[in-house]
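Here's the structure, in structure tokens; my notes come after.
The values are calculated or read from the model by the stated rules, or taken from the named source; none is laboratory data. Please read these numbers as outputs of a predicted model, since none were measured by experiment. A quick note on method: Cβ atoms are made from the backbone with ideal geometry, for glycine too, and the neighbour counts reach across all protein chains shown.
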Amino acid sequence: MAAEELTPVDVTTRTSGAGTPCWMVTYQLADGRMHGHAFPQETLEWRVAEYGLDTIDEALDVVLHEPWAITPSEVWLIPADAATRQGMVIRARGPVVDYEPIVLRNADSIEDARTAHRMRIADAKTRVHVVPPKGKPDPLDVIRQRHGVTGEGVQEKAALVDAVRRAERGEAPAPQPDIILDPDARRRRIEITSV
């Protein structure tokens, strides 16, 4: 069975209820139905930092296909995981299974994590594939031109990814998020948006 094609027809920006700037991609399916995919604008920078991706095009391709990728977060999903089927596993630490799929947090290297994630994205494309419109400008060019990925942002995120991965291996304490709690923020947002 051929992959279902999703053709981008529009890209807009939105802000989530929590105030996060997001991209909203609207697709048209072959049968005319519409499908939407929203994701935080920082997601591209995160994927570059997490997996050491070289291009915005690859980061965008990864993000657009991730909703259809099988992520082996539960034991019952492991047999369906493309990376696991290709031997991308490590010895498990828990008593449930002998091995666990390689993911970002447990991979021996970023290269292993990247390879496993690329396999999952390639597998997702066997089910759903994002294709540019024929004979028209590609709406995704808006994201490619205004992606917001910076060297400094990638370095900061890569350092956090490294710290979390080292903590997962027991080599360092878990990093503490830099969060400022503001109990009045929600009330102020409601007042501002209600005006």
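General observations
- Criterion violated by Tyr27 - all others in (1) under 22 Å from Asp138 (Cα atoms); (2) out of contact with any Leu (no Cβ under 8 Å at 6 or more places or on another chain) satisfied: (2)
- So Val11, is it crowded, with 16+ Cβ neighbours inside 10 Å and either touching a strand residue (DSSP E or B) at 6+ places or on another chain (Cβ under 8 Å) or farther than 25 Å from Arg166 by Cα (or both): yes
- Checking every residue in region 124-141 against the condition of being among the aliphatic types (A, V, I, L, M), at pLDDT below 95 and in a loop (DSSP other than H, G, I, E, B) gives zero matches.
- The strands (runs of 3 or more DSSP E) falling completely within region 1-109 that include 3 or more residues that are within 29 Å of Gly148 (Cβ to Cβ) map to 4-15, 21-29, 34-40.
- Residues (among the basic types (Lys, Arg), without any contact (Cβ under 8 Å) to a residue 24 or more places away in the chain and part of a helix (DSSP H, G or I)) located in region 142-175: Arg166
- Selection from region 102-117 of residues that are surrounded by fewer than 17 Cβ atoms within 10 Å (Cβ to Cβ), free of Cβ contacts under 8 Å to residues at least 40 places away in the same chain and of a type outside the set (Ser, Thr, Tyr): Asp108
- Residues satisfying the criterion are absent from region 56-65 (criterion: of a type in the set (D, E, K, R), in contact with a His (Cβ under 8 Å, 6 or more places away or on another chain), in contact (Cβ under 8 Å) with a residue 12 or more places away in the chain and on the phi < 0 side of the Ramachandran plot).
- Output for region 3-25, where each listed residue is among the hydroxyl-bearing types (Ser, Thr, Tyr) and free of Cβ contacts under 8 Å to residues at least 24 places away in the same chain: Thr12, Thr15, Thr20
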